[in-house]
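Have a look at the structure below before the remarks.
The values are calculated or read from the model by the stated rules, or taken from the named source; none is laboratory data. Predicted, not measured: the structure shown is a model, and the values here were computed from it. Because the Cβ atoms are built from the backbone with ideal geometry, glycine has one as well, and the counts that use them run over all protein chains shown. Please note that ligands, DNA and RNA were not included when accessible areas were found on the heavy atoms of the full protein model with its side chains. Shrake-Rupley method; radii C 1.70, N 1.55, O 1.52, S 1.80 Å.
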Amino acid sequence: MSAASTETSAPLPTAGGRVFFQGAPPGVGCVSSGPINGEDPVQKKQGKVTVKYDRKELRKRLVLEEWIIDELSKLYDCEEDEMPEVEIDIDDLLEVNSDDERASKLQESLTDCYKPTENFVSELLCRIRGMRKLSAPTKKGL
C-alpha cells in the first residue's frame, strides 16, 4: 500500500496542548462511483492508523484546563467568551525547573487581573505537580 492510503489524517502542529487533525485529502477515502469488485486496486479497503495517547494524562489535562477556565472566569468576573486573552501554557510551565519561576510566569500572564491571583497561582502549581509534558502521539499499526 502507498503512504497516502495508510494515513487518512495528518497531525497539525499543537496549539496550547491540544492536538488537531486535518481531514483526508481529496480523492482519498471510500467514495465509490460503482460496485466494488476484487480486481479494482483503487477500491481496496483503506488501511488503519491507530494513534495511542496516554488517556489518563489527557483526562487530567482536560480537567485542569476546565478548572483554569472556571477560575479565570471568577478572577475576571466574566464568562469565558468575554474573558481577555490569557495564555497559560501548561507544557511551558512543566518545562520550568522551580515553582518560583512558574509562579512568576503565571503572574506575568495575569498582569491585567485586578483581583488577587496568589491563591489561583498556588493552587495551579499544586495541580500541575506530578504532571508530565504531553508528547506527540505515537503511531501503531504502520
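A few notes on this one:
- Taken along the Cα-to-beta-carbon direction at a fixed 7 Å, the label points for LYS56 and LEU125 span 2.7 nm.
- Residues of the stretch 61-111: accessible area per residue with a 1.4 Å probe, Å²: 60
- Label-point separation in nm, GLU101 to ILE69, each point 7 Å along Cα→Cβ: 3.0
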